[in-house]
Amino acid sequence: MSDRLFGLVVLIASVAYFMAAANIPTGFLVDPLGPKVFPRLVSAIAALCALLILIKPDAEPDWPDLGTWFRLLLALLVLIAYAYTLKPLGFLIPTAVAAGVLSFQIHARPLPALLTGIGLSVGLFILFRFVLGLSLFAVPRSWMGG
């Protein structure tokens, strides 16, 4: 029963997310794919996963312990903070911090987590900015005199 309830909640949330993406304004300078494609893609994948859970739920799901719930909450808070700091701080710093914290949660070793955060930040910036042509700022605009 819990899997079906979860699947239904995810399905409703994914439909709402898909519909909310329609309200994203398209500005004068638009990225090649447009601002609506990625949220709609995420919502479509979430809806497919929710349907799979609804159709074939786990007979006896194992719920995580309290420590795991805490780590999930921490990850959620890190991602929310990431979303709010991305514009004022540029791409590199928030991405490095978020990726480093999440990496540390996966395997609690500080140096590899730090290197993972920095590597993902720089690698994703190069991919998004130069390969996909997205208009990202690497650092805060104020650092560049603007």
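The values are calculated or read from the model by the stated rules, or taken from the named source; none is laboratory data. These figures come from a predicted structure and were not determined experimentally. No Cβ is skipped: glycine too gets one built from the backbone with ideal geometry, and neighbour counts run over all protein chains shown. For accessibility, only protein heavy atoms count, side chains too; no ligands or nucleic acids. Shrake-Rupley method; radii C 1.70, N 1.55, O 1.52, S 1.80 Å.
Within the range 23-40, being open to solvent by less than 50 Å² (accessible area, probe 1.4 Å) and modelled with pLDDT of 80 or more holds for one residue alone: 39.
In the condition set (1) over 26 Å from residue 2 (Cα atoms); (2) of a type outside the set (D, E, K, R); (3) open to solvent by less than 70 Å² (accessible area, probe 1.4 Å), residue 43 is compliant with all but (1). Of all residue pairs spaced 6 or more apart or on separate chains, those with beta-carbon atoms under 6 Å, a first member in the range 131-145 that is at pLDDT below 85 and a second member that is among the acidic types (Asp, Glu) and open to solvent by 50 Å² or more (accessible area, probe 1.4 Å) are 134/31. The set of residues from the range 105-133 being farther than 24 Å from residue 68 by Cβ, open to solvent by 90 Å² or more (accessible area, probe 1.4 Å), within 19 Å of the chain's Cα centre (by Cα) and β-branched (Val, Ile, Thr) is empty.
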